[in-house]
Amino acid sequence: MIVNVKLGCVASGRLGKDPETKVVGERQTKMTKFSICAFSDPSGNAPAIWIDVVAWNSLADFAEGLRKGDAVLVCGAKKERSYTTREGVDKTASELVAEFILPQPSNGHSGQNNGYSANGERTSSERQNNGYAKPQAVPPQFTEIDEPDPGLPF
């Protein structure tokens with residue numbers, strides 16, 4: 001399932017293979033890439049829809065622990081980048097830059113599935129809790145409103 005929202009994208013699906021992690025750039029930034037199958041037609045009449053996902057820094061650490069077949073919900077920004085192949089062909093790649101990854105329950109999987117945000121920190125006790133960190137109460141990009149807007153109709 002894919003849902004476009006005003007400032008980003010939300011996709012849910014299963015990993016097609018184990019994530020790949022590498023360190024890039026002068027700052028030695030950790031990056032983890034994986035693909036999720038957001039739609040698969042059981043009858044085989046329609047092609048599967050695959051979404052490439054990129055996670056950076058501490059979120060890359062978390063994504064590195066995911067495995068092929070894991071069900072996840074990923075929130076982030078859709079980015080397109082252009083590159084030239086070794087053969088000199090210009091191509092464009094579309095990927096979802098993860099801001100939040102939420103493991104989803106699946107058949108035969110026990111344990112708690114808590115989300116992990118890009119700016120969260122993992123502790124040793126959270127690593128022992130199936131590798132998932134506890135979600136933040138209010139994401140940092142949102143602020144709580146004490147008083148409702150009097151112009152709202154509800």
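None of the figures in this text is laboratory data; all of them are computed from the coordinates on show. Computed from a predicted structure; not experimentally measured. Every residue, glycine among them, receives a Cβ derived from its backbone with ideal geometry; neighbour counts consider all protein chains shown.
The table below gives the values:
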| item | result |
| --- | --- |
| Fewest-first sequence of Cys37, Cys75, Cys9 by Cβ atoms within 10 Å of each Cβ | Cys37, Cys9, Cys75 |
| Residues Glu20 and Glu80, FRET efficiency given R0 of 22 Å [Cβ-Cβ distance, rounded to 0.05] | 0.60 |
